[in-house]
1. Please state, as a whole number in µm²/s, the translational diffusion coefficient that the Stokes-Einstein equation yields for the range 163-242 at 20 °C and 1.002 mPa s, with Rh defined as the Kirkwood radius across alpha carbon pairs.
2. Apply 1/(1 + (r/R0)^6) to the Cβ-Cβ distance of Asp330 and Asn168, taking R0 = 30 Å, and write down the FRET efficiency to the nearest 0.05.
3. Using alpha carbon coordinates only, what is the Rg to Rh ratio of the range 1-52, with Rh defined as the Kirkwood radius?
4. Take the cross-link list Lys113/Lys139; Lys253/Lys311; Lys63/Lys154 and give me the ones stretching past 26 Å between alpha-carbons.
5. Let's test the formula: R0 of 35 Å, r as the Cβ-Cβ distance of Ser345 and Ile222. What FRET efficiency results, to the nearest 0.05?
6. Can you tell me what the convex hull of the Cα atoms of the range 193-319 projects to on average, as an area in nm²?
7. Which distance in nm do the two modelled labels at Ile236 and Glu272 give, with both placed 7 Å along the Cα-to-Cβ direction?
8. At Lys388 and Ser250, where each label point lies 7 Å from the Cα along Cα→Cβ, what is the point-to-point distance in nanometres?
Amino acid sequence: MKTIVFIETSKSGSSREAIKAAERLGFFTVLFTNKSKFIEQRTEFPDVHQMILVKLSNYDLLKENIIKLQKQGKQVKGIMSFVDPFVHVAAALSQEFCCSVVSVDPILKMENKVLTRKLLKDHSITPNYAIYTQDKSLKNFIEKYKRYLPLIVKSPLSNGSKDVLLANDEKEFKAAIKQLLKKNEQVLIEEYLTGPQYLVEALVHNGNVHIVAIIEQTINLIQRFIVTGYSLFVDIEQAFYDKIHDTVSSVLKVFRMENGACHLEMRLVQGELKLVEINPRISGGAMNRIIEVGYGINLVEETIQLMLGNKPNLTKKHKKYVYAQYLIVDSLGRLIKVKGKNRSSQYPGVEEVYIKPRKGRIVRPPLSMGDRNGYILASSDVKGEAKKIARKAASEITFYLEPIDRFPDRNTI
C-alpha cells in the first residue's frame, strides 16, 4: 500500500485538507497524533485510514512507528506535516525513510524566529531587532531599548500570535519579557511596524520560486495581533507583484531552499517590504479554500505532489475575488448555541460558513489565531464585493454564551 504519514493535524483547515487530498490521490493515510481526543472522535476522521497516538516530541518513537508500518507492508512514500512545530520533524523523517526532495535545513531555520532573524540580518527585509537572554541584565536591557518603544516582544517559537506581545511603555516591556522567559531561554525584540500587511503563499520547485497567492490581511489588536480578514489579490499591479516576487526569491535564496512550501507575512513600510515572519508551510485555517475558490488551485495537494518529487501544477483555472471574514467573540463564556448560520449561507456569493466550536465549548476573546470561532468565505467577480458579502453574512451569526469567571486549563475542556 502506497502510504503517506502525516504528523499531527487540526480538525479542519489546511492540515486536514492535506490528508483528504492524499486520500483523493489514492494513498493510504496514517496520522501520528498526540491528541487523545482525536482517538475518542475517531469516526469523525474517515479520511484518516490509520490513526496512531504517539508522543510527537520523541523522534526515536516516531521512527519506531514508521518501521512498524513498513513491516506491515505499507510503502511509506512521504512523511509530512502542515502543523507547527512538526514540519521540520516530518521533513527529517521523510529524508531518512523516503529519500525526500524537501529542503530540511531551511525548514528548521524558518521554524525558529531567532534563527530567521540572524540568517537575514543583512537583508533589507529585516526590521530592527534584538535578542534578550537570561544571562543579561534585564534592567540594563530595558534601559537600552526603551527609547524605541512601542516594541514587539515574541517567543522564538511563537505561532498563531500566541506569544507575540505589544509593549507600549517600559512597564509593559518588562512584563512581556518576563512572561515569555517562563517558557523560553531567549526572547526576540522587534521594532513595531506599521502599514498594510500581506501574506504570500509560495512553493519552491527545483530552486524556482512560485508565488501562488498574495493576500492582504485585516489585523485587529485584541490583546494579541489577530487576523480577522483575508482578501485574495486578483488584479495586482505588475510592479508590486515583481517587488514581492523579487523580495521573496532573494529571501529564499538566503535560506537555500530548493524544494518546499512556505508563507511569508510582510508589512509595506514607507514603500519597503519588511518581514514579520516566515513559516515553512501553507497558512492554516481557510487558506487552502481561499486559494481553491479564487484560483482553482488546491495548494495542499500540489504541495504533496512537490514533496513526492513531482512537478506541482500551479496553473490558475479561473480568477475570483475572495474574502474570508473570521468570527470572534468579545466575552468569555460557555457556548449555548449559534444562530444565523443558515441565513448567512444563503447570501449570494457565500461559498462556505464554518463554525468551529461546538455547544458546551468555552470561548473567549482571542489570545491566538486558534481562538477564532469560524469564518465566512465569499467570492465575487467584482472587486470589493466579496468583502462586503462576507462581512454582511458574518453579521447574521450570533454566539450565545453562558458567562463564566475564568478560562480553564486547555486540558480540562
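1. This corresponds to a translational diffusion coefficient of 136 µm²/s.
2. On the way: r = 21 Å, r/R0 = 0.71.
The value I calculate is 0.90.
3. 0.92
4. Values: Lys113/Lys139 24 Å; Lys253/Lys311 20 Å; Lys63/Lys154 32 Å.
Violating the 26 Å limit, Cα to Cα: Lys63/Lys154.
5. That gives a FRET efficiency of 0.85.
6. About 7.8 nm², averaged over all directions.
7. 2.1 nm
8. Going by the 7 Å Cα→Cβ label model, 3.9 nm.
Read-outs: derived from the displayed coordinates by stated rules, not from any lab. Bear in mind that the values here come from a model prediction, so they are computed numbers and not experimental data. Positions of Cβ are generated from backbone atoms using ideal geometry, with glycine treated the same way; all protein chains shown enter the neighbour counts.
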